[in-house]
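Before any comments, here is the structure.
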Amino acid sequence: MKITPPETDDELFVRLRGGEESAFVQLYRRRQGAIYRFVLHMSRSPAVAEDVTQEVFVALLREGCGYDPDRGTLSGYLFGIARKLLLRQVERGRVDVPLESGSEDAAIPELAVAGNALEDLTNREGIEALRRAIGTLPRRYREVVVLCDLEEVDYADTAAMLGCPIGTVRSRLHRARALLLDKLNHERRPRPTVSALSPIRCLT
Amino acid sequence: MNCQEFREGIAEEEANAGLLRHAGRCEACAAVLDRRGRLRAGLRTLAAELRRTEAPARVEVGLVAAFRSQQWQARRAQRRQWWIPALSWAAAAGVPMVVALFLLRPHQPLPAHRTAPGAVEAASVTDVPDPYSAEGGDGFIALPNARGLDPNEEVNMVRVEVPRSAMLEVGLAVSADRVSELVEADVVLGPDGLARAIRFVDEPMM
């Protein structure tokens with residue numbers, strides 16, 4: 001029995017342009033999940049994620065949608081549109097989560113601190129802690145973690161989408177992972193509270 | 001490789017042989033590698049769990065409806081576009097035909113020139129009497145030297161005022177003292193615009 005390989009995104013796109021509904025449905029089912037999750041991670045709003053996902057594919061249907069296979073993959077193109085639409089939602093005030101905080105030059109937390117053996121992150125508790133930690137990352141770090149680590153978008157596509165060199169993607173990812181470890185470490189071993197640091201007696 | 005090189009290397013690349021070798025000798029760097037490995041494992045697990053999260057089904061329903069609507073509009077536009085050249089060609093072919101018909105059809109006679117003061121009242125009539133019998137029942141008299149009309153030939157009739165002397169031309173008697181008077185007459189014009197017959201209105205045939 002001969003097994004035919006699945007059609008590539010570009011092949012489906014060509015058929016979609018020819019007016020084949022089945023190609024559009026196939027392409028949508030293949031890519032919608034990643035787009036929806038990306039926007040959900042970034043906005044933390046299912047309503048915004050739903051709207052943006054819909055708008056992304058409506059944009060793809062437009063005659064002059066601007067997708068050029070020579071400039072990147074269709075997946076990268078869809079993520080790029082989703083990102084722009086998301087930023088527009090932020091401007092409109094539909095996303096009330098602060099997406100931008102921290103700067104590129106902020107100090108990178110150490111990846112390993114003596115005596116900070118990280119517990120298992122693959123169990124239920126660990127996954128939830130990780131999910132929360134991702135949600136608190138500044139936008140520029142959150143998006144690279146979501147794209148590269150969770151959605152497995154390659155660095156080149158991510159760089160094209162963000163409009164930055166691949167090296168920047170790598171360094172942001174490194175910083176993002178360090179921040180995640182730092183947050184997870186603090187979550188499990190909270191810093192001493194102010195009351196814990198209050199002096200027992202005054203020496204002056 | 002020292003610890004500094006290890007940290008620089010791990011920021012740029014996935015764990016490679018050199019990094020692993022150094023981690024094998026350095027406990028602190030081994031801890032970094034371990035934490036990084038645990039984080040990656042956690043991220044992979046989270047990613048696998050999140051794979052089940054998808055856009056609600058209604059998004060697909062809405063998009064398929066949008067796709068169908070777009071295709072329907074495109075087909076309609078295509079059909080319209082097919083008619084545009086067809087209509088253009090038809091119009092291009094039709095215009096000369098209309099012009100030709102206009103040129104070939106019998107000309108509307110120009111209003112008769114005033115032949116005398118207060119002379120002309122011209123009218124084109126559609127119901128033209130049969131002028132073929134020169135002294136026919138309609139009172140039309142064939143003009144001398146005028147070509148005869150075929151039975152199906154289209155004719156026009158105009159009413160004009162002419163000098164009474166015109167009656168002399170068709171053999172009617174006119175008293176000398178009234179020669180300069182004006183009389184009304186119906187003139188039958190052939191398809192070539194030339195007068196073929198005449199009938200004097202309210203004038204007894206003499």
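The values are calculated or read from the model by the stated rules, or taken from the named source; none is laboratory data. Here the structure is a predicted model, which means the values were calculated and not measured. Ideal geometry is used to build each Cβ from the backbone, glycine not excepted, and the neighbour counts take in all protein chains shown.
Below is a table of values for the structure above.
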item	result
Test for A:Arg30: is it among the charged types (D, E, K, R), surrounded by 14 or more Cβ atoms within 10 Å (Cβ to Cβ) and within 12 Å of chain B (Cβ to nearest Cβ)	yes
Condition met for B:Gln70 (within 8 Å of another protein chain (Cβ to nearest Cβ), in a helix (DSSP H, G or I) and either at pLDDT below 85 or within 30 Å of A:Arg124 (Cβ to Cβ) (or both))	yes
Residue within segment A:155-163 that is on the phi > 0 side of the Ramachandran plot and not acidic (Asp, Glu) present	yes
Any hit, segment B:34-52, residues being exposed (fewer than 14 other Cβ atoms within 10 Å of the Cβ), modelled with pLDDT of 80 or more and under 60 Å from the mean Cα position of the chain (by Cα)	yes
Out of B:Arg51, B:Arg36, sole residue that is at the interface with chain A (Cβ under 8 Å from one of its Cβ atoms), at negative phi, touching a Lys or Arg at 6+ places or on another chain (Cβ under 9 Å) and free of Cβ contacts under 8 Å to residues at least 12 places away in the same chain	B:Arg51
Breaking point among (1) part of a helix (DSSP H, G or I); (2) of a type outside the set (Asp, Glu); (3) within 30 Å of A:Arg17 (Cα to Cα); (4) at pLDDT 70 or above, for B:Pro85	(4)
Residue list for segment A:39-72, restricted to those being over 22 Å from B:Ala57 (Cβ atoms) and buried (at least 19 other Cβ atoms within 10 Å of the Cβ)	A:Met42, A:Tyr67
Strands (runs of 3 or more DSSP E) completely within segment B:154-206 that count 3 or more residues being farther than 14 Å from B:Ile141 by Cα	B:156-163, B:182-189
Test for B:Phe6: is it within 8 Å of chain A (Cβ to nearest Cβ) and aromatic (Phe, Trp, Tyr)	no
Candidates A:Asp70, A:Asp51, A:Asp105, A:Asp96, filtered to the one that is part of a helix (DSSP H, G or I) and either modelled with pLDDT under 90 or hydroxyl-bearing (Ser, Thr, Tyr) (or both)	A:Asp70
Selected residue (criterion: farthest from the other protein chains (Cβ to nearest Cβ)) from residues of segment A:118-144 that are in contact (Cβ under 8 Å) with a residue 60 or more places away in the chain and in a helix (DSSP H, G or I)	A:Arg139
Hits in segment A:13-27 (condition: exposed (fewer than 15 other Cβ atoms within 10 Å of the Cβ) and not in a helix (DSSP H, G or I))	A:Gly18, A:Gly19
